[in-house]
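The values are calculated or read from the model by the stated rules, or taken from the named source; none is laboratory data. Everything numeric here is computed off the predicted structure, so don't read it as measured data. Positions of Cβ are backbone-derived with ideal geometry, glycine not excepted, and every protein chain shown enters the neighbour counts. SASA here: full protein model, heavy atoms, side chains in, ligands and nucleic acids out. Shrake-Rupley method; radii C 1.70, N 1.55, O 1.52, S 1.80 Å.
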Amino acid sequence: MNSVSSTSRSPLPRLASVAGLVCAAVACQAPTVSTRPAQSIAWREPSAYTYTLRSTGGERELIGSFRVSVRAGKVVRATGLDAESRAVVRRSPAIVPTIGTLVREAERARREGADRADARYASAGYPRLITVDWSADAVDDEVRYEISDYTPGGRGARVG
């Protein structure tokens, strides 16, 4: 009579190997952006620049995509790039912010205890993404600002 013994093989060694490979693969990739809490934002806003803002999230007026020109630290021109943003520019052009205003909003949210307030930065140092969520349990209080086509000085080649 043949006897068969059952050997229980633990999946732990296999899982550890897979986890190690995943960690090694992630460590080898060079990040293109960094994430820092809003309170540690070190970007210095130039007095003149242009950028494209895509503002989403929440129940608020500043929704849509905008092309923004800043001079002497103030928005001097905001162009709506979609139907929502064109309506915003028609109704309330003064609410279109500078990047510095967006950074200060995230810093204030961090100081005042928002559940989330952070920024991702381009390798050139300027913020590319700013997110704020005052309460993770609340609906429609979060904001997301995507910054692209950033050009310091308002002219010349784009950065990042």
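Just a few scattered comments:
- Considering residues of the range 128-145 that are under 20 Å from G64 (Cα atoms) and assigned to a loop (DSSP other than H, G, I, E, B) only, the residue least open to solvent (accessible area, probe 1.4 Å): D141
- Taking the criterion of being surrounded by 15 or more Cβ atoms within 10 Å (Cβ to Cβ) and either farther than 16 Å from S148 by Cβ or out of contact with any strand residue (DSSP E or B) (no Cβ under 7 Å at 6 or more places or on another chain) (or both), the residues of the range 78-94 that qualify are E84, R86, V88, V89.
- Scanning the range 65-77 for residues that are open to solvent by less than 30 Å² (accessible area, probe 1.4 Å), within 18 Å of R128 (Cβ to Cβ) and not aliphatic (A, V, I, L, M) yields S65, F66.
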